[in-house]
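Below is one structure; the comments refer to it alone.
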Amino acid sequence: MTVSQTAFRQGLFDPELPAPVGLINPDGGQATKRYDVYRNNVAVSLSDALEAAFPVIRKLVGDRFFRAMAGVYLRKHPPTSPLMMFYGDKMPQFLRRFGPAQQLAYLPDMAKLELAMRHAYHAGDADPIDAAALGALAPDQLMAAKLAFAPATTVISSSFPVYSIYRANTDPSAPKAVMQPEALLITRPAFDPAVHLLTPASATCITALQKGDPLGVAMSTAGNDLDLGATLGLLLGQGVVTTLT
């Protein structure tokens, strides 16, 4: 009897299901124990992948809670790719609906941050422009210019101090987080991703630029609080800008 691939896969992520019919031992008996061992190994491997992907969340909730949460996640969201470095992309949405985590309302945004860090690490390389290219433009050309960013670049705006919470859990010298909204920029100027705190105006400006708005439009969207020199200095200093149109 041929084992159904659908039944085999469904059983891997639902411990309540029996071993698929037709899965037999060399002696002809039902391979229940072997399948249970394999099912457990798959769950352990996926849980390990989630722990590696979300170390700060794991630290915030504790090992026992995270392991139990990972067990729920992997059954709701089995892998869709053999590349485990990208497993866990549904974690922000999952955490918004996961009842036991509701007391830590900033966890979905922390998941976004950790996912963006992983994305930045694995993103393709991109050569930055010469910073002098911007300075060489006439004012009207500068306002009409569109900037393209390196693929590792991500802006996250949160109602919670996710930057400060991240720093407090990765840098022993970092100050304690103050409960207030924060925005941040993730870059990868060399080999490792970096996280930078942004003002709300800078976050709005960079987000508009990412969407393809000219610099003048992005400045107008950001408002009078925008420090354009600091914003462009950060982007150019981190090698974020790759083309200038």
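Some observations on this one:
- Just one of the listed residues (Leu244, Leu215) is surrounded by 21 or more Cβ atoms within 10 Å (Cβ to Cβ), more than 22 Å from the chain's Cα centre (by Cα) and not aromatic (Phe, Trp, Tyr), namely Leu215.
- Evaluation of Thr170 against (1) buried (at least 17 other Cβ atoms within 10 Å of the Cβ); (2) in contact (Cβ under 8 Å) with a residue 40 or more places away in the chain (one fails), failing number: (1)
- Any chance Ala105 is in a loop (DSSP other than H, G, I, E, B), closer than 19 Å to Thr207 by Cβ and of a type in the set (A, V, I, L, M): no
- Residue in the stretch 178-201 that is among the polar types (S, T, N, Q), on the phi < 0 side of the Ramachandran plot and surrounded by 14 or more Cβ atoms within 10 Å (Cβ to Cβ) present: yes
- Pair list, Cβ under 7 Å, 6 or more apart: the stretch 204-218 residue in the same structural domain as Ile186 (by TED's automatic domain parsing) and in contact (Cβ under 8 Å) with a residue 40 or more places away in the chain, other residue aromatic (Phe, Trp, Tyr) and part of a helix (DSSP H, G or I): none
- All positions within the stretch 153-182 that are within 19 Å of Thr231 (Cβ to Cβ) and out of contact with any Phe, Trp or Tyr (no Cβ under 8 Å at 6 or more places or on another chain): Thr153, Thr154, Val155, Ile156, Ser157, Tyr163
- Residues of the stretch 135-167 that turn out to be without any contact (Cβ under 8 Å) to a residue 60 or more places away in the chain, outside any loop (DSSP other than H, G, I, E, B) and hydroxyl-bearing (Ser, Thr, Tyr), as a count: 5
- Among (1) at pLDDT 90 or above; (2) more than 25 Å from the chain's Cα centre (by Cα); (3) of a type in the set (Lys, Arg), the one test that Lys59 misses: (2)
- Residue in the stretch 204-211 that is touching a Ser or Thr at 6+ places or on another chain (Cβ under 6 Å), surrounded by 15 or more Cβ atoms within 10 Å (Cβ to Cβ) and closer than 22 Å to Ala123 by Cα present: yes
- Residue count for the stretch 51-79, restricted to those that are surrounded by fewer than 14 Cβ atoms within 10 Å (Cβ to Cβ), outside any helix (DSSP H, G or I) and in contact with a Phe, Trp or Tyr (Cβ under 9 Å, 6 or more places away or on another chain): 0.
- Count of residues meeting criterion [under 26 Å from Thr245 (Cβ atoms) and touching a helix residue (DSSP H, G or I) at 6+ places or on another chain (Cβ under 6 Å)] in the stretch 197-214: 7
The values are calculated or read from the model by the stated rules, or taken from the named source; none is laboratory data. The model shown is predicted, which means the values in this text are computed figures rather than measured ones. Counting neighbours? That spans all protein chains shown, and the Cβs are built from the backbone with ideal geometry, glycine included.
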